[in-house]
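Following: one structure in structure tokens, then a few remarks.
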Amino acid sequence: MHRFRIASWLVLFALALPSLPSLAASSPDFVALAKELKPSVVNISTSKTVRPRTQIAPGPRGPQSDPFEEFFERFFRGQPQVPHKERSLGSGFIISKEGYILTNDHVVSGADDIKVKLSDGRTFTASVKGLDPKLDLALLKIDTGEALPVAKLGDSDQLQIGEWVMAIGNPFGLEQTVTVGIVSAKGRVIGAGPYDDFIQTDASINPGNSGGPLFNTRGEVVGINTAIVAGGQGIGFATPIRSAQEILPQLRETGKVVRGWLGVTVQPMTEELAKSFGLSETKGALVSEVVAGSPAEKAGFKRGDIILAFDGRDVDAVNDLPRLVATTPIGKKVKVTVYRDGKTRQLDAEVGRLEETGSEQVAAGEKGGTLGLSVSDVTPELMRAYGLEKAQGVVVTAIDPAGPGAEANLRPGDVIQEVNGKTIAGVKDFRTAVKGAKKGDVLRLLVQRREGLFYMTLKAG
């Protein structure tokens with residue numbers, strides 16, 4: 001009897017097979033796609049000069065100290081070192097027949113020499129036309145004297161979870177490698193920057209794929225392969241091509257990106273917070289602070305407002321708002337929907353220009369000395385980005401790899417609290433403290449790194 005039932009089920013399943021969709025029939029022709037798309041993908045190799053580490057007195061180390069760093073400092077203390085070349089590999093794709101190429105900022109940033117190798121084997125020297133570290137994007141240009149094959153840009157907003165995608169790149173130096181997978185998720189926030197909005201895919205992405213294209217089955221670029229999970233398998237992240245398209249005109253025209261600014265500090269909505277405000281959903285961005293004199297203050301924003309929509313686009317999560325504001329043209333008047341005192345209302349705001357939070361490239365002063373670093377006032381955003389629990393002073397946000405700051409072994413995320421015994425409260429104090437330094441002068445810095453404090457010296461270049 002049981003055998004009969006099993007056989008009956010098998011017969012019924014077999015009869016149903018013709019009505020089921022055929023996976024093979026619906027699969028894209030990856031062979032044809034690869035042949036069509038590979039000519040628009042390039043391999044990128046870079047080199048830069050790395051100066052020797054300068055020994056510094058190791059101050060007290062906190063619980064988060066890096067054991068490898070301690071070993072490095074002990075092993076190399078007193079050892080002669082010389083500048084050397086550091087080489088790296090990446091990928092990119094051609095976006096115009098004139099030779100403009102899109103890739104990641106981290107692939108080319110600080111490079112002395114950039115080589116681009118086409119699919120036909122020819123190699124050209126590339127120049128950097130624009131960089132945007134916040135989105136990790138770079139625009140390059142090569143001159144070949146002929147029209148080049150161009151990758152067609154698609155619409156990443158229309159990308160669906162479960163959709164087939166193809167990555168082409170240069171993983172581990174294995175040129176023109178093709179991998180396929182699906183879109184695993186969208187809108188991923190991985191802590192890479194203030195405008196995280198990554199496409200997650202299980203198409204194999206490895207070191208060297210950075211900057212390469214993620215194609216849909218129509219042969220359109222929908223993402224720029226950017227990051228992987230350390231130790232993770234089958235998990236890669238791509239920047240949506242829409243994000244790049246929004247800033248490409250600025251990169252091409254000015255080489256940098258200017259972003260919009262509203263002037264609010266926001267935090268995520270939780271179920272408990274939503275209930276306390278009388279909301280049934282956790283959508284929106286809760287305003288915890290309004291910056292004095294900002295466009296938000298002028299528009300009438302208040303602490304406790306919940307921003308639900310900005311310029312006609314929904315704010316479903318707190319990370320949506322910075323991206324929407326940043327890509328809005330400066331000076332544009334927008335309507336913002338907020339929830340306040342049990343009802344929604346609309347506020348009219350004029351988007352301002354985002355300044356770099358007090359950050360600036362610092363020169364040692366009027367007598368020619370330079371420090372080769374950028375510092376910023378301490379902000380909640382920078383404290384989160386660098387994992388600082390508490391900090392007083394100025395945060396080092398960028399280092400010139402060939403400058404005095406790099407020679408002194410300063411790093412992004414270090415907090416400078418004193419210069420030559422003078423307490424530093426912000427960028428203004430720092431600028432005053434280094435103003436009189438000339439080339440060759442040595443400055444004594446009190447630096448906070450992680451949870452430890454130590455003194456170090458920096459020689460103005």
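See the values below:
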{"item": "Near-label residues of region 140-177 by backbone N, under 18 Å of a point 7 Å along Cα→Cβ of Ala34", "result": "164-177"}
{"item": "Förster-model FRET efficiency, 45 Å R0, Lys422 and Asp157, C-beta, rounded to 0.05", "result": "0.30"}
{"item": "Debye equation applied to the C-alpha atoms of region 169-286, log10 I(q)/I(0) at 0.13, 0.18 Å⁻¹", "result": "-0.67, -1.01"}
{"item": "Distance-filtered residues of region 138-167 - backbone nitrogen under 14 Å, label point 7 angstrom along Thr125 Cα→Cβ", "result": "141-144"}
{"item": "All lysines inside 22 Å of Lys343 as judged from Cα atoms, apart from same-chain residues fewer than 8 positions distant", "result": "Lys275, Lys283, Lys298, Lys302, Lys335"}
{"item": "Hits among lysines - C-alpha to C-alpha of Lys459 under 25 Å, sequence gap 8 or more where chains match", "result": "Lys48, Lys85, Lys367, Lys422, Lys428, Lys435, Lys438, Lys439"}
{"item": "Accessible area of region 179-306 divided out per residue, in Å², using a probe of 1.4 angstrom", "result": "44"}
{"item": "Added length on full extension, which subtracts the Cα-Cα distance from 0.36 nm per residue, Lys438 to Thr270", "result": "55.2 nm"}
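The values are calculated or read from the model by the stated rules, or taken from the named source; none is laboratory data. Just so we're clear, the structure is a prediction, and the values are computed from it rather than from any experiment. Because the Cβ atoms are built from the backbone with ideal geometry, glycine has one as well, and the counts that use them run over all protein chains shown. Calculation scope for accessible area: heavy atoms of the full protein, side chains included, ligands and nucleic acids excluded. Shrake-Rupley method; radii C 1.70, N 1.55, O 1.52, S 1.80 Å.
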